[in-house]
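Structure first, then comments.
Please treat every number below as a calculation from the coordinates, not as lab data. Computed from a predicted model, the values in this text were never measured in an experiment. Note that each Cβ is placed from the backbone with ideal geometry, even for glycine, and that neighbours are counted across all protein chains shown.
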Amino acid sequence: MDESIAEVEKSIELTEFACSMPQLVQGEVLEVSKGVECRIERKPLGVVASIAPFNFPHMVPHWTIPNALMLGNTMILKPSELVPISSNRIAEMLKESGLPDGVFNVVNGDRAIVEAICDHPGIKAVSFVGSTKVAKIVYVRATSTLKRALCLGGAKNHLLVLPDAHLEMTASNVVASMSGCAGQRCMAAAQMVGIGGVDHIIAQMILEAKKLVPGKNLGPVISKASYERILGFIAEAEKSGAKVLLDGRNPTVEGGASNGYYLGPTIIDHVTTDMRISQEEVFGPVISIVRAKDLDAAIAIENANPYGNAAAVFTQSGGLARQVMERASAGMIGVNIGVPVPREPFSFGGWNDSKFGTCDITGKSSIEFFTQLKKTTTKWNPEGKTNWMS
């Protein structure tokens with residue numbers, strides 16, 4: 001319940017920012033020579049589309065809906081077929097608020113709908129949020145029909161933890177990051193890089209994680225297929241020599257497991273970078289711990305992973321934090337923050353295999369994606385005997 005409320009509150013924040021956009025997209029006029037003016041104005045693209053995932057059925061659509069509409073576009077939203085109810089309710093509320101018919105539209109369906117959106121000549125831009133595999137496919141298909149495309153993929157976010165990190169704050173932040181929304185978010189802590197002597201922090205993490213009770217304050221994963229995939233990651237890591245410090249498999253759930261596919265928080269230590277769990281997105285309440293001898297080695301581990309959504313460092317040293325801020329190959333960096341999502345007007349977006357396309361999906365950067373520039377040059381003094389280059 002708390003996570004659902006927080007998701008809606010974030011949607012409100014996104015909408016409030018969008019309401020400020022008319023002030024952010026004011027044109028510019030300059031007299032470039034005697035009697036000659038140049039003007040720049042931002043114009044809407046027309047029809048744009050947004051393809052949203054299952055994990056934030058209310059917030060992620062609000063990454064695009066308010067901004068696109070406030071910038072003068074009309075929108076087609078294609079929600080995940082696993083969670084259609086929220087998007088339909090958003091459409092109902094927009095209609096109730098007075099939005100004219102046809103300005104916002106919801107199309108439910110599966111892959112065939114996504115392909116139709118990518119191929120339709122009347123759609124000028126497509127945004128997508130989902131796995132990296134599908135993000136690449138959507139980006140290539142949409143841009144091949146000469147559309148703008150901005151496709152956000154998966155992540156393997158690394159949290160670099162130094163021995164001097166604040167014990168309670170670090171443990172609670174790391175656990176909250178790996179377990180929020182049952183780990184089903186692209187900003188989740190997927191891998192901790194322990195630098196030097198951090199066993200005391202790991203021990204505190206275990207204590208924090210034990211406070212999470214599946215079915216009470218930890219929700220289920222989305223499907224049986226996802227559940228079985230996560231179990232496979234854990235079993236494979238254990239077989240390869242990693243040590244499961246806290247095992248969330250087969251939890252006791254109040255009301256019975258029939259209410260969903262539940263996993264308890266799982267902490268796996270002594271993972272090596274060649275293990276599959278270290279390389280791929282698990283998307284569950286699981287964190288793997290890789291050990292590094294120093295900060296240089298930790299940053300090298302972070303930068304070697306193909307994703308680039310987020311990275312964080314936990315330390316009380318400003319100098320060491322600055323090194324991570326400058327050297328980590330990720331679009332969003334946290335210092336003593338496990339989920340470094342920027343607040344509006346700062347934008348959301350990663351690097352590398354976490355994002356395909358230019359601009360970001362939220363904040364001021366989204367203005368570039370959802371508008372195009374019109375440039376006008378005017379001259380009203382023929383007697384001036386000047387040309388536009390004068």
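Laid out as a table, the results:
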read-out	value
The chain - percent relative contact order, Cα under 8 Å, separation 6 or more	20
Mean separation of Cα contacts under 8 Å (6+ apart) over length of the stretch 80-203, as relative contact order %	19
Sorted by Cβ neighbour density within 10 Å, fewest at the top, the residues Leu77, Leu231	Leu231, Leu77
Loop-located trypsin sites (Lys or Arg not before Pro) in the stretch 216-289, at most 16 other Cβ atoms within 10 Å (DSSP)	Lys216, Arg249
Restraint check, Lys133/Lys355; Lys43/Lys124; Lys216/Lys243; Lys78/Lys156; Lys147/Lys374; Lys156/Lys243, Cα-Cα greater than 22 Å	Lys216/Lys243; Lys78/Lys156
Counted charge near Arg291, where neighbours are those whose Cβ lies closer than 15 Å (Asp, Glu -1; Lys, Arg +1)	-4
Which label in [x] 24.5; [y] 22.6; [z] 21.6 gives the computed Kirkwood radius over Cα pairs in Å	[y]
Order of Cys19, Cys181 - criterion: other Cβ atoms within 10 Å of each residue's Cβ, fewest first	Cys19, Cys181
Exposed GluC sites (Glu not before Pro) absent: longest stretch of the chain, with sites in DSSP loops and at most 13 other Cβ within 10 Å deemed exposed	82-253
Contour minus Cα-Cα distance for Asp199 and Glu228 (0.36 nm per residue)	7.4 nm
Proximal charge balance of Ala310 [Cβ under 12 Å; K/R count +1, D/E count -1]	+2
Contour excess over end-to-end distance, with Cα ends at Met169 and Ser329 and 0.36 nm allotted per residue	55.2 nm
Net charge dipole size for the chain [Lys, Arg +1 and Asp, Glu -1 on Cβ; Debye, nearest 20]	1020
For the chain, calculated [θ]222 nm from helices alone, where every DSSP H run of n ≥ 4 adds -39500 (n - 2.57)	-10500 deg cm²/dmol
Sequence-distant residues sharing a close amide H with Lys355 (under 5 Å, placed H)	Gly153
Relative contact order (percent, whole number), the stretch 157-335, Cα cutoff 8 Å, 6+ residue spacing	29
Least to most buried among His58, His166 (fewest other Cβ within 10 Å first)	His166, His58
